[in-house]
1. Averaging over every viewing direction, what projected area does the convex hull of the Cα atoms of the range 1-112 cover, in nm²?
2. Rg and Dmax in Å for the range 197-309, alpha carbons only: what are they?
3. For the chain, what mean projected area does the convex hull of the alpha carbons give, in nm²?
4. Which order do the peptides 107-116, 233-242, 180-189 take when ranked by the mean count of other beta-carbon atoms within 10 Å per residue, highest first?
5. Longer than 18 Å from Cα to Cα, which of Lys33/Lys287; Lys57/Lys152; Lys122/Lys182; Lys250/Lys287 are they? Say none if no pair is.
6. Restricting the calculation to Cα positions, tell me the Rg (one decimal) and the Dmax (whole number) of the range 127-273 in Å.
7. What value does the range 145-196 have for Rg/Rh, both radii from Cα atoms and Rh as Kirkwood defines it?
8. So what are the ³J(HN,Hα) numbers for the range 154-163, from phi and the Karplus equation (6.51, -1.76, 1.60; θ = phi - 60°), rounded to whole Hz, Gly and Pro as x?
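Read-outs: derived from the displayed coordinates by stated rules, not from any lab. If you're wondering where the values come from, they're calculated on a predicted model, not measured in any experiment. Here the Cβ is made from the backbone with ideal geometry for all residues, glycine too, and neighbour counts use every protein chain on show.
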Amino acid sequence: RMSSLSIAKPGVTKVGFIGTGVMGRSMCGHLIKAGYEVCMYNRTKEKMTPLVELGGKAMDSPAEVAKNSQVVFSILGLPSDVRSVVLGEGGVISSLAGDSVFVDMTTSEPSLAREIHDVASKKGVHAIDAPVSGGDIGAREARLSIMMGGDKAVIDSIMPLLQTMGQNIRHMGPAGSGQHTKMVNQILISTTMIGMVEGLIYGHKAGLDLNEVIKAVGAGAAGSWSINNYGPRILRRDFEPGFFVEHFIKDMKIALSEAQKMNLQLPGLKMALEMYQRLEAKGAGKKGTQALMLVLEEMNSCQVTGHST
C-alpha cells in the first residue's frame, strides 16, 4: 500500500493547513508561495486573511480542510486542541480519505502522537508527528528544524512540502519519536533561558555594555540561539512572543510527566518550570519566553537596559 504514495508536487498535491497562528501563518504561506493548492482553517478567522490574499482558501472547519486535502498539516496550541481537532467528532482523521497523510507539528504528548498514529492506521491514513524548533524567526525564514516520528516512506513522500518550511529535517524513529526529540529540545532550552537572563543581569549590575557583552560571549562556547536571538530583544524591552510563555509551560509539564513515567529526576527542568510559573502569575502568559527577565528583575529590584548605567 505504501508504494501508492506519490511524492508531493506543486500544482498536483492538495494541501491542508490547520492553525495559522504565530508559527503556522509563515509555514502555510511558504506552501502557498511554493505553488501548492492550499486550503486552511483557523479558529480566529481574521488570522487567515493575509494567507487568503496570497492565494490560500479559507475553510469553515477542520473536517472541510481534510475533505479537500491529500496532506494535512496542523500546528495548534495544546494537546487538548490536537485531540479535539484531530480525533474528535467530525475531526481530521475521520474526514480524510484512505492513503492521505496527516502531519501534526504541534509540540504535544508523545503518547497522543502514538494514539493518533494508531487511530489513523485503522482508517488507512498515514500519521506523522513532526514538531518544530526555531521560533517565529525560523518559521518566517523557512529555517525550522523538523523532528519526525512515523513511517520513513510516508516522510519521503511529503519531503518537498517539509523543505518549503524547514532546513534541518530528521526522521527520529517510530510514532512519538518526533515529540520525544522535541522534549529534549525544550529541556535544553529551559535552563539555557535561566542562564541567559542571569548572565545578562550580572553584566548589567557589573556596569557592562550588554550589547557588547552579547557580541563577546555569543560567538564563544557560551553562545546559544537564545542569547543571540533573545538577548537583543530583552535589551530593547521587547517581550513580544516568538514563543508564548504559556506554551513553554505546557511543554515543560509534558517533559516532566514523561520523565516521571521513566523514573527520571530532572531538577533543572523543575526549577525552570517554577520560574516560568512565577512569570505567568505576573500575567505574562502571552509574552515571549524571553520575558523570564522580568522575574529576575523583580527578584533583584532592577531593570536591565542595553547600555551601562
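1. Average of the hull's projected areas for the range 1-112 equals 6.9 nm².
2. 15.0, 48
3. Averaged projected area of the chain's Cα convex hull equals 16.3 nm².
4. Ranking the peptides 107-116, 233-242, 180-189 by packing returns 107-116, 180-189, 233-242.
5. Table pairs above 18 Å Cα-Cα are Lys33/Lys287; Lys57/Lys152; Lys122/Lys182.
6. 17.3, 56
7. Dividing the radius of gyration by the Kirkwood radius yields 1.09.
8. After applying 6.51 cos²θ - 1.76 cosθ + 1.60, I find 5, 4, 4, 5, 9, 3, x, 5, 4, 5 Hz.
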